[in-house]
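Presented below is the structure to which this report refers.
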Amino acid sequence: MSVRQMAEALELAGVEVEQIISSSKLDKKVVVGLVTKVAQHPGADRLKLAEVNTGKDVVKVVCGAPNLETGQKVALALPGAVLPDGASIEHSDIRGQESGGMICSQRELAMGDDHAGILVLDSVYSIGKSLCDIEGGDDILDLTTAANRSDLQSVVGLAREVAAFAGAAATNGELAPTLKLPEVSDDTGDLPAADELAVEVKVPDKAPRYLLQKFRVGRRSATITQTRARLTAAGVRPIDLLVDTTNYVMLEYGQPLHAFDAAKVKLPITVRMADKSEKLVTLDGVERQLSPEDLIIADADGPIALAGVMGGQATEVTAETSEILLESASFNGATVRKTAVRHGLRSEASARFERGMPVQLAPIALARARFILQQAAEVTPLSGVSDSLNATPEANTIKLRPERLPHLLGMNVETAVIQTKLEKLGFEVTTGAKPALSVPVPWWRPDVTLEEDLVEEVARSVGYDALPSSLPPWRPRQVRFDAYWSKLWRAKAALRGAGLFDVITYAFVSAEQLESFGRDPKRHLKLKNPLSIEQAYLRSDLLPSLVAVVAKNVRYAKEFGLFEVSRVYQPKPSHKQLPDEPTRLGAVTYGLGYTGVKGVLDQLAREFNVSLEVKPRKLDGLHPARAAQVEMDGQSLGVIGELHPEIAHHHKLPDRLGYLELDFKQLLAAAREPAYRPISRFPAITRDIAVVLPEKVTWAEVAEAIGRIGLASDVQFLSDYYGDDVGAGNKSLAVRLVIASMQKTLTDQEADQRVEKIFQTLQKSFGAKPRT
């Protein structure tokens with residue numbers, strides 16, 4: 001098949017083709033050579049002199065590979081050849097000996113990562129033939145598959161889809177392919193019974209099927225070159241024949257396998273949950289403390305593998321292994337996923353088990369591995385197959401009514417077409433009680449459980465482009481517009497207009513973050529399975545998240561502001577109750593302190609036409625003299641203040657940080673349409689005044705009193721001052737009055753008269769005195 005035809009077939013099947021990676025062929029001057037003689041280099045201990053027969057000539061080559069032997073077929077790069085990394089091969093003199101080429105390793109030919117020795121080719125390769133004519137270098141399709149399609153995690157599963165859809169993708173006389181499954185070895189001969197391998201599965205719901213077979217491993221040849229190249233192209237590093245075979249079958253059929261060194265396993269084998277006191281050193285050399293929630297494979301001495309995730313180092317297959325136990329099993333997907341995440345061991349195997357493996361696949365994969373091993377090396381089965389089947393697969397037959405298709409797809413599909421399309425996908429369709437069709441679901445399609453699933457399969461086969469695009473005739477009887485979103489955009493626009501940046505932060509925080517703000521982590525919701533300790537708790541307010549963002553940005557600006565509209569999580573007294581998840585608006589102003597966020601609060605009050613009151617109060621995490629509760633109609637709406645200096649120092653913030661947090665939905669519920677006033681076309685006059693007031697009088701009360709008499713078009717807060725010179729229990733409040741008339745330009749005398757009346761109002765309302 002052409003790559004284009006295959007990619008189009010997969011796209012029609014609904015498999016997303018991310019990219020097509022074109023291969024690059026090897027230089028024709030890289031040929032198959034036969035090593036006829038190997039001798040020690042007279043001038044170097046680590047170098048050898050090899051004579052290599054190319055079919056035309058015998059070439060002398062200097063080589064330092066430790067695995068070079070007489071009789072090997074090797075990849076010889078002749079003078080003039082250019083390797084994949086751009087290196088050019090020329091005649092050379094190495095320690096006084098002429099070298100007429102280079103015997104290449106896997107890495108030098110871009111066929112793998114191994115550079116420890118030369119690449120030994122299969123014995124069937126013809127001497128003198130260019131390697132590019134043997135190893136064509138397949139193009140690579142990088143695919144994304146649906147999470148519920150476990151069958152598409154394999155080449156065989158993808159081949160089924162291509163065979164079903166390639167007919168529609170074929171053009172210009174291209175032939176539609178047919179499916180040809182890989183060869184397997186079903187004949188186990190007169191092998192002894194597998195009684196000694198009997199496996200006890202103590203948790204049958206966690207391990208629906210477990211197969212085990214024993215093999216003798218004789219002289220091991222290298223992995224077939226084509227197999228090694230395919231593994232490398234798929235992103236799997238070739239290691240040796242046994243490991244490469246298990247990986248190859250996993251990629252081919254989607255069924256992970258695992259090989260144990262039989263001499264290191266003390267029978268019997270048990271599949272069970274781990275004990276909390278048990279430990280296991282996995283293949284990566286890490287000792288892991290096991291949990292009672294981990295499914296393990298154990299022998300008489302203890303754990304030897306994390307089921308479906310990774311094997312143990314103690315039973316690892318090595319070059320000295322003479323007998324193996326080959327495992328093929330089905331494990332519970334959720335259990336494997338939790339174990340993999342808990343130990344940070346997500347692997348190709350666990351990714352497949354997580355999606356769910358049909359129990360019918362395990363024996364097929366074992367038979368395929370047996371076939372490859374018997375073809376490639378001196379590997380002999382020593383026993384039959386021990387098969388612990390703990391969940392009998394039930395055949396799922398679905399009734400499909402053709403008259404349902406127009407209701408679900410909007411188009412009629414003939415019954416004969418339905419049958420043909422489903423049969424191409426591997427479904428066996430029989431005519432049941434008319435007009436319904438009886439459709440047994442293939443074992444490799446556990447995602448198909450409903451009649452609607454079959455309709456979707458028909459739609460895929462017919463082609464989504466064939467479905468009509470007309471809108472349904474239904475119309476809503478009543479349209480209700482959601483006012484929340486429009487108000488959200490208004491709030492964000494107002495905050496951006498005030499110079500603040502919109503940010504989005506994680507809802508997760510660490511215990512250290514909470515403690516640095518005086519919060520008790522025990523009063524916060526803790527995740528059972530956090531991604532890291534830095535994200536172990538759910539925040540109950542926005543302050544820790546916003547301060548963390550500020551701390552990362554203080555080096556870039558001396559003054560800036562941030563805001564976020566997001567949820568917080570507040571636990572209820574009973575752990576059985578779901579937490580409250582109120583939506584909060586949080587804002588911070590760095591370098592401006594309290595006055596910055598107070599300006600933001602005033603802007604929001606004007607935007608939504610609400611009356612807000614700020615009442616001083618000591619609050620955790622905020623400056624003891626610059627913190628207050630924001631109230632609306634006597635009810636608490638949020639908090640405002642300035643970050644406590646000690647906390648600011650802890651987070652390395654050299655300047656003041658103002659903080660505001662409001663119950664956003666409560667604010668929106670009280671919002672009214674703003675009352676607009678015309679702007680005077682005449683110039684305004686500004687006057688800054690300072691008055692001494694009782695300490696309990698708030699700025700909001702002063703602004704409201706001035707606004708009631710209508711003598712100033714705007715009143716702005718400047719500062720407040722507390723000190724002995726204003727008297728005990730008093731404070732000095734400085735404000736800016738913007739005075740303008742709608743009818744004329746005011747004179748200084750008229751402006752002074754208005755200021756005097758404002759003084760009188762403040763004196764009458766609060767006992768204010770001018771500050772001298």
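Pull up the cross-link candidates among the aspartates and glutamates for residue 180, meaning alpha carbon to alpha carbon under 15 Å and not fewer than 8 places away within one chain.
Excluding near neighbours in sequence, the set is 161, 252.
Say R0 is 41 Å: what FRET efficiency, to the nearest 0.05, do residue 708 and residue 557 get from their beta-carbon distance? Present the calculation step by step, with values, prior to reporting the outcome.
Numbers: r = 39 Å, r/R0 = 0.96.
Computed FRET efficiency for residue 708 and residue 557 comes out at 0.55.
Which length gain, in nm to one decimal place, applies between residue 488 and residue 646 when the Cα-Cα distance is subtracted from 0.36 nm times their residue separation? All intermediate terms of the calculation are to be shown ahead of the outcome.
Values: separation 158, 0.36 × 158 = 56.88 nm, distance 3.41 nm.
Extending this stretch completely gives an extra 53.5 nm.
On full extension of the chain, what length is gained from residue 512 through residue 148, given 0.36 nm per residue of separation minus the C-alpha to C-alpha distance? Intermediate results must be reported in sequence, preceding the final value.
On the way: separation 364, 0.36 × 364 = 131.04 nm, distance 3.89 nm.
Result: 127.1 nm gained on full extension.
What trypsin sites (Lys or Arg not before Pro) does region 41-89 have in DSSP loop regions with at most 13 other beta carbons within 10 Å?
Loop-located and lightly packed - 46, 56.
Solvent-accessible area of residue 398, probe 1.4 Å, all protein chains present, reported in Å² to the nearest ten, please.
10 Å²
Where in the chain are the helices, taken as whole DSSP H runs, whose Cα atoms extend 18 angstrom or more along the long axis and whose Kyte-Doolittle mean reaches at least 0.0?
Working: long enough: 155-169 (20 Å, 1.41); 361-376 (23 Å, 0.91); 483-497 (21 Å, -0.42); 593-608 (24 Å, -0.09); 748-766 (27 Å, -1.15).
Helices passing the filter in the chain: 155-169, 361-376.
A 30 angstrom limit on the alpha carbon distance is what I want to check against. Which of 558/618; 572/696; 338/421 exceed it?
On the way: 558/618 28 Å; 572/696 35 Å; 338/421 38 Å.
Correct reply: 572/696; 338/421.
Would you calculate the separation in nanometres between label points at residue 301 and residue 141, each defined as 7 Å from the Cα along the Cα-to-beta-carbon direction?
The answer from the label model is 4.7 nm.
Cross-link candidates for residue 48: which lysines have Cα within less than 21 Å, leaving aside residues fewer than 8 places away along the same chain?
Cα-Cα hits under 21 Å: 37, 60, 73.
Using only helices, what value at 222 nm comes out for the chain when you add -39,500 (n - 2.57) per DSSP H run of length 4 or more and divide by the total residues, to the nearest 500 deg cm²/dmol? Write out the running numbers ahead of the final one.
Values: 19 runs with 202 residues, N = 772.
My calculation for the chain gives -8000 deg cm²/dmol from helical runs alone.
Using 7 Å Cα-to-Cβ label points, what is the residue 45/residue 549 separation (nm, one decimal)?
Distance between label points: 6.4 nm.
Please identify which residues in region 89-133 have an amide N closer than 17 Å to a label point set 7 Å out from the Cα of residue 284, following the Cα→Cβ vector.
Of the residues in region 89-133, none has backbone N under 17 Å from the label point off residue 284.
Of the listed peptides 391-397, 356-362, what is their order by residue-averaged count of other C-beta atoms within 10 Å, with the highest listed first? Numbers along the way, then the final one.
Numbers: 391-397: 10.4, 356-362: 20.3.
Put in order of decreasing packing, that is 356-362, 391-397.
Which FRET efficiency, nearest 0.05, do residue 748 and residue 772 yield, Cβ-Cβ r, R0 22 Å? Intermediate results must be reported in sequence, preceding the final value.
Values: r = 21 Å, r/R0 = 0.95.
The value I calculate is 0.55.
Taking residue 552 as the anchor, which lysines have their alpha carbon closer than 24 Å to its alpha carbon, excluding any fewer than eight residues away along the same chain?
492, 598, 652
Suppose R0 equals 51 Å; then what is the FRET efficiency for residue 763 and residue 478 from their Cβ-Cβ distance, rounded to the nearest 0.05? Could the numbers behind the result be given before it?
Numbers: r = 57 Å, r/R0 = 1.12.
With R0 = 51 Å, the Cβ-Cβ based efficiency is 0.35.
Going highest first, how would you order 347-354, 256-263 by mean Cβ packing within 10 Å? Intermediate results must be reported in sequence, preceding the final value.
Values: 347-354: 20.4, 256-263: 22.2.
Per-residue Cβ counts within 10 Å, averaged per peptide and sorted highest first, yield 256-263, 347-354.
Would you mind checking region 730-772 for residues with the amide N under 15 Å from a putative spin-label position 7 Å along Cα→C-beta of residue 688?
What the label zone holds, given the 15 Å backbone N cut-off, is 733-738, 771-772.
Under 1.5 on a/c is rounded, so check that first for the chain, then, if it is not, pick prolate when a/b is larger than b/c and oblate when it is not; a ≥ b ≥ c are the square roots of the alpha carbon gyration tensor eigenvalues. Kindly include the intermediate steps, with their values, before the conclusion.
Working: a/c = 2.43, a/b = 2.03, b/c = 1.20.
The shape class here is prolate.
Hey, can you rank 309-318, 197-206, 405-414, 633-642 by average C-beta count inside 10 Å, highest first? Show your work: numbers first, answer last.
Details: 309-318: 20.3, 197-206: 15.9, 405-414: 13.4, 633-642: 18.4.
Highest-to-lowest ranking by the protection proxy: 309-318, 633-642, 197-206, 405-414.
Please state the shape class of region 611-740: rounded when a/c is under 1.5, otherwise prolate if a/b exceeds b/c and oblate if not, all from the C-alpha gyration tensor.
Numbers: a/c = 1.85, a/b = 1.27, b/c = 1.46.
Here region 611-740 falls in the oblate category.
Calculate the spin-label point distance for residue 605 paired with residue 348, positioning each point 7 Å from the Cα along the beta-carbon direction, and give it in nanometres.
So the label points at residue 348 and residue 605 sit 6.5 nm apart.
The values are calculated or read from the model by the stated rules, or taken from the named source; none is laboratory data. These numbers were taken from a predicted model, which means no experiment stands behind them. Counting neighbours? That spans all protein chains shown, and the Cβs are built from the backbone with ideal geometry, glycine included. Areas reflect the complete protein model, heavy atoms only, side chains present, ligands, DNA and RNA absent. Shrake-Rupley method; radii C 1.70, N 1.55, O 1.52, S 1.80 Å.
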